[in-house]
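**Student:** Quick one: this structure, given as structure tokens, is what I'll be asking you about.
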Amino acid sequence: MSLRFLAAAACAALLSLPAAAAVQTKEITYQQGGKTLKGYLAWNDAAKGARPGVLVIHEWWGLNDYTKMRTRQLAEMGYVAFAADMFGDGAATRDPKQAQAWYSSVADAPGLMATRSKAGLAILKQQKGVDTKHLAAIGFCFGGTTVLQLAYSGEPLDAAVIFHGGLVPPSDAEAKAIRTHLLVLHGNEDTFTKPEDIESLKKTLDANKVDWYMVTYAHAVHAFTNPDADSFKIPGMGYNKEAATRAWKEMQDFLKEEMK
């Protein structure tokens, strides 16, 4: 039997195999309050049956490649993940002035952070293969603040994870409404959040018997999980590989525990 024949036979055998399962993605257009939003869905087509769903909320830069990468990572872990669009048209920028304008348009409108994130959660619930009884939300920076507002609104999630978010403390009424367990992942040198706000957050959550915990990472500043953070050249923002790796692992363990 010739080597040429063996090579041809091997190629034919490989071509006859079914395509390997992989993470799939697609853009989903939806509406909230008359605004067109474009989110990003990721899932693993090898997974069978209902799977927990995770809502992902982006930084103030918009629905950029970093957010999409994290969404795909969640799909690789076996979740159906949907990155909601908080600003409209799936927009993203590297311009701080534009980011601030988008941020203000949402953050300054009472209740809009929670309402718009709920619209994204509704899209996640509609997706094939999502176990709607087991849902979580994670967010980065502005997204972390948004996830807190979603929790304060009383949304019944299994888990909520805040990566270097603005730690706006809840009112007593908001804390009483919380129906999810919280994980706060915070940089010890993050100057974007006031120490008094952190203490107020802790005291209010404790006073209302909320299930929460916080992990603080040494030498980490704001946006410490984003490998692109240094490129923005904004004082007080920067990537910390060790803290990012540990924080992502902490999130994975938390989600596994809460969404059994």
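The values are calculated or read from the model by the stated rules, or taken from the named source; none is laboratory data. As the structure is a computational prediction, the values presented were derived from the model and not from experiment. Please note: Cβ atoms are built from the backbone with ideal geometry, for glycine as well, and neighbour counts cover all protein chains shown. Surface areas here come from the heavy atoms of the whole protein model, side chains and all, with no ligands, DNA or RNA. Shrake-Rupley method; radii C 1.70, N 1.55, O 1.52, S 1.80 Å.
**Student:** Please go through the stretch 188-232 and pick out each residue that is assigned to a loop (DSSP other than H, G, I, E, B) and out of contact with any strand residue (DSSP E or B) (no Cβ under 6 Å at 6 or more places or on another chain).
**Tutor:** Those that are assigned to a loop (DSSP other than H, G, I, E, B) and out of contact with any strand residue (DSSP E or B) (no Cβ under 6 Å at 6 or more places or on another chain): GLU189, THR191, THR193, LYS194, ASN208, LYS209, VAL210, ALA218, HIS219, ASN226, PRO227, ASP228.
**Student:** Filter the stretch 90-117 for residues that are of a type outside the set (Val, Ile, Thr), out of contact with any Ser or Thr (no Cβ under 6 Å at 6 or more places or on another chain) and crowded, with 16+ Cβ neighbours inside 10 Å and give the result. Break it down into steps so the answer makes sense when it comes.
**Tutor:** Filtering the stretch 90-117 for residues of a type outside the set (Val, Ile, Thr) gives 90-92, 94-105, 107-114, 116-117.
Next cut, out of contact with any Ser or Thr (no Cβ under 6 Å at 6 or more places or on another chain) only: 90-92, 94-98, 100-105, 107-112, 116.
Answer for the stretch 90-117, where residues must be of a type outside the set (Val, Ile, Thr), out of contact with any Ser or Thr (no Cβ under 6 Å at 6 or more places or on another chain) and crowded, with 16+ Cβ neighbours inside 10 Å: GLY90, ALA91, ALA92, GLN98, TRP102, TYR103, ALA107, LEU112, ARG116.
**Student:** Within the stretch 16-36, does at least one residue satisfy the condition of being under 20 Å from ALA159 (Cβ atoms), at pLDDT below 95 and among the hydrophobic types (A, V, I, L, M, F, W, C)? Let's see the steps before the verdict.
**Tutor:** Filtering the stretch 16-36 down to residues under 20 Å from ALA159 (Cβ atoms) leaves none.
No, that holds for no residue.
**Student:** OK, next. Consider only pairs whose beta carbons are under 6 Å apart and that are at least six residues apart or on different chains; among these, list those whose first residue lies in the stretch 206-226 and is under 13 Å from ILE162 (Cβ atoms) and whose second residue is open to solvent by 50 Å² or more (accessible area, probe 1.4 Å) and among the hydrophobic types (A, V, I, L, M, F, W, C).
**Tutor:** That search, which allows pairs on different chains as well, returns HIS222/PHE192.
**Student:** Continuing with the same structure: Within the stretch 229-240, is even one residue modelled with pLDDT of 95 or more, open to solvent by less than 50 Å² (accessible area, probe 1.4 Å) and in contact with an Asp or Glu (Cβ under 7 Å, 6 or more places away or on another chain)?
**Tutor:** yes
**Student:** Can I ask one more? Kindly indicate the residue of the stretch 133-187 that is of a type in the set (Phe, Trp, Tyr) and touching a strand residue (DSSP E or B) at 6+ places or on another chain (Cβ under 8 Å) and also surrounded by the fewest Cβ atoms within 10 Å (Cβ to Cβ) among those meeting that condition.
**Tutor:** Going through the stretch 133-187, the residues of a type in the set (Phe, Trp, Tyr) turn out to be 140, 142, 152, 163.
From the residues that got through so far, the ones that are touching a strand residue (DSSP E or B) at 6+ places or on another chain (Cβ under 8 Å) too are 140, 142, 163.
Numbers: PHE140: 28, PHE142: 24, PHE163: 28.
So, considering only residues that are of a type in the set (Phe, Trp, Tyr) and touching a strand residue (DSSP E or B) at 6+ places or on another chain (Cβ under 8 Å), the one surrounded by the fewest Cβ atoms within 10 Å (Cβ to Cβ) is PHE142.
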